[in-house]
Amino acid sequence: MKKIWLITRREYSTRIRNKTFLLSTFLLPLVFVIFIAGSVLISTQTHTRHRIAVIDANGYFKDYLKSDSAISFDFSPAIDSTNYEQKGCTAMLIIPLLPEGQKTNYRLKYKKQLGLAGTSDLENRVDNAITDHLIFEKTAISRSKLDTIRHNSDIAQIMSYEDLGKTAKASNSGISFVFAYISGFLIYLLTFIYGAMVMRGVMEEKTNRIAEVVVSSVRPFQLMMGKITGIGAVGLTQFLLWVVLLVGLAILAQGFVPASTWKEVQELQQAGQMGNAGAALKVSDMANRLYGVRSAIDGGTLLVIFFCFLFYFTGGYLFYSALFAAVGSAVNEDPQEAQSLMLPITLPVIFSFVIMSVAVQDPGGPLAVWASIIPFSSPIVMMARIPFGVPGTVPFWQLGLSMLLLVLGFVGNTWLAGKIYRTGILMYGKKPSWKMMWKWAFRNS
Amino acid sequence: MNILEVKDLEKSFATQLAVDKISFQLGQGSIFGLLGPNGAGKTTLIRMVTGIFYPDSGSILLAGRPFAPQEDSIRIGYMPEERGLYKKMKIGEQAVYLAQLKGMSKSDATRKVKEWFVRFEMQTWWNKKVEDLSKGMSQKLQFVITVLHEPSLIILDEPFSGLDPVNANLIKDEIYGLARKGATIIFSTHRMEQVEEICDHIILMNKGKKILDGTVSGVKQQFKEDLFRIGLEGELPTTAETASFAVVGREANSLVVKIAAGHRPNDVLRFFIDRGQNITSFTEILPSLNDIFIRLVEGTPLSRQFEQR
């Protein structure tokens, strides 16, 4: 135990003080912010307002096609298809007589293409104009009145409850999805960024040719355990620093960017959403659902979810890191060898995401239950099931078994890595095969 | 008391028997040479004694008790042929860390490292990194790390390779000093002149088997060919018609003779005295370890030609 702690501390402290670590930790958020600011700046600078000339045979489009910051319409009769460019229009919209109940083509003429977003935006506007015109003509209800009705009718909301006999408990698949997704995504992201770091870290003794000295002092299992926890902690530290720095920079940026630019950006966003008529509605819907979720889950459940999130997040992270360590102990100094061995490790993470989406729909189904017990998928799938209720949907034995297996899986992987290390490390320059690794792991050395 | 006792040790890899029933004992304070051509199984044997490999069968006793790799790691110091250190770590920290891994406390380790650094005049190195050191310097550092925790068994694999004569002598003196203080030293090398100079006891391995075991002088006696060099004044005789010896070599002022079975050196001397020739010197020619080594391993497929001195 003391030796593991020694190794953990060395792995952590040498990496934290490394120049590359400091550079990447503090430069990456800066680069990220500069990149975002740059792209925002470019999109505000290059944003063009389209002026489109319209020839309308129906006569009513004038009332419904409204000009705004993205597109302005020009209905003046002086413009025709020969001179629209001279008059400063980017395109010419020609709408023939549109008989009801019949498909008719209308045309857009241009010299320079509007772009996909511009075209679909225009199409939506024309469609809406036709709908508005027909509603007004058939029912004498104006569009604004209709919008009010639509808005006021969104008053019913579903709340599902878990039946616990005498009492019922609020549950919501929305939050389990959010939690499972965050947990899964973080595990995926961290193992991808830092799994390779664990792998290279395990190869460190080999590339420095110090393996024999170290292995004659400590057991390979201790070495592996110390490396996985030490480098894992480095990964967590860097990740947390990134989050803190990004949030800090974002707050800082709000103070520095002039208000006019913010307004412009917001306008741009709105203009972009105009094409997607439902987008604004979706956002408010999402907010509503999240609010509903918060009110549906009581404090106790939240505590359980939070504890389980911490457990499964660290557990899953360590479990996969140990697998990467096993790969690192098998390959030699050439990192390219590792690529082919890494894929089989990352596949289960992707499968877990698929199973998770099933588990959210059917948290008590056999697939969800088993996938939440098996260590490869349990960190992601169990997190999708837990918000449905712990003694109810997820019985205590399942939760206990799943946690036990995850811990055992982590220790087992570390042991496996150590076994492979003991034999694999002393064979320089030989490419290992899966068959050989199996033999290294299960044969006495 | 024997510090190390190895009995019927066996280890095989997928295709070959690397160590085949090796047994030997080492007394405290002795310097012991482990010799053998490449691929003889020396490194495998050492790795079993240091706990890196587990033997297939056989036993290892350390100071009379069965060897336990974890608990006994503090009693063993191992400098492998594959030299390496953490390149990015500061030298002082690294030495302390590796001593702590052996089981020393931090304060003891720091004190010891400082002591050794003073002895080897390395005090200014403490905050340097290994990548800034020359090969010889890092080898000195490695030697310090190997012996820092005062192990009772020190295993050195080619300790002098890459060292200049001054530093080699420095290390050699330290080895003698450690042996005097009671440490047992296993010394694995191909350099026979070093073995003759340093070791009390040798074992020669070939193809996984022990083929020779004894003290350096004993082995030489065992392999002597009854050759003598006799220095003579005046003209050397062209022929020597006698049953007691045969002339096998001629040099400027001396003859190399091989005494026939059943005869004694006195017979040679009497022969030349009877001829009235003045004798200036008379010495026995003992085979060098190098000759013995080559004679024993030559012709086996795994052996390699060693440089003739």
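The values are calculated or read from the model by the stated rules, or taken from the named source; none is laboratory data. Predicted model only: the values in this text are computed from it and were never measured. Don't worry about glycine lacking a Cβ; one is built from the backbone with ideal geometry, like all the others, and counts go over all protein chains shown.
Some values worked out for this structure:
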item	result
Lone qualifier among A:117, A:78, A:53, A:70 - being in the same structural domain as residue A:134 (by TED's automatic domain parsing), at pLDDT 80 or above and closer than 29 Å to residue A:134 by Cα	A:53
Within region A:204-233, considering residues that are in contact with a strand residue (DSSP E or B) (Cβ under 8 Å, 6 or more places away or on another chain) and not β-branched (Val, Ile, Thr), the one surrounded by the fewest Cβ atoms within 10 Å (Cβ to Cβ)	A:216
Those residues of region A:355-379 which are within 20 Å of residue A:311 (Cα to Cα), outside any loop (DSSP other than H, G, I, E, B) and among the polar types (S, T, N, Q), in sequence order	A:378
Subset of region B:1-42 (residues that are touching a strand residue (DSSP E or B) at 6+ places or on another chain (Cβ under 7 Å) and not in a strand (DSSP E or B))	B:28, B:29, B:30, B:36, B:37, B:40, B:41, B:42
Matching residues, region A:13-28, being touching a residue at least 12 places away in the same chain (Cβ under 8 Å), away from chain B (no Cβ under 13 Å) and of a type outside the set (Val, Ile, Thr)	A:24, A:26, A:28
Within region A:143-161, tally of residues that are surrounded by 11 or more Cβ atoms within 10 Å (Cβ to Cβ), modelled with pLDDT of 75 or more and outside any helix (DSSP H, G or I)	1
Search result, residues across region B:67-122 that are of a type in the set (Lys, Arg), in a helix (DSSP H, G or I) and within 11 Å of another protein chain (Cβ to nearest Cβ)	B:102, B:106
Sole residue being basic (Lys, Arg), touching a strand residue (DSSP E or B) at 6+ places or on another chain (Cβ under 6 Å), surrounded by 11 or more Cβ atoms within 10 Å (Cβ to Cβ) and modelled with pLDDT of 75 or more, chosen from A:87, A:109	A:109
Selection from region B:227-249 of residues that are of a type outside the set (A, V, I, L, M), surrounded by 11 or more Cβ atoms within 10 Å (Cβ to Cβ) and modelled with pLDDT under 85	B:237, B:242, B:244, B:245, B:249
Residue match in region B:204-213 (condition: at negative phi, in a helix (DSSP H, G or I) and either modelled with pLDDT of 85 or more or more than 36 Å from the chain's Cα centre (by Cα) (or both))	no
Test for residue B:62: is it away from chain A (no Cβ under 12 Å) and buried (at least 17 other Cβ atoms within 10 Å of the Cβ)	yes
Top-ranked residue of region A:1-12 - restricted to ones that are assigned to a helix (DSSP H, G or I) and loosely packed, with under 15 Cβ neighbours inside 10 Å, ranked as nearest to the other protein chains (Cβ to nearest Cβ)	A:2
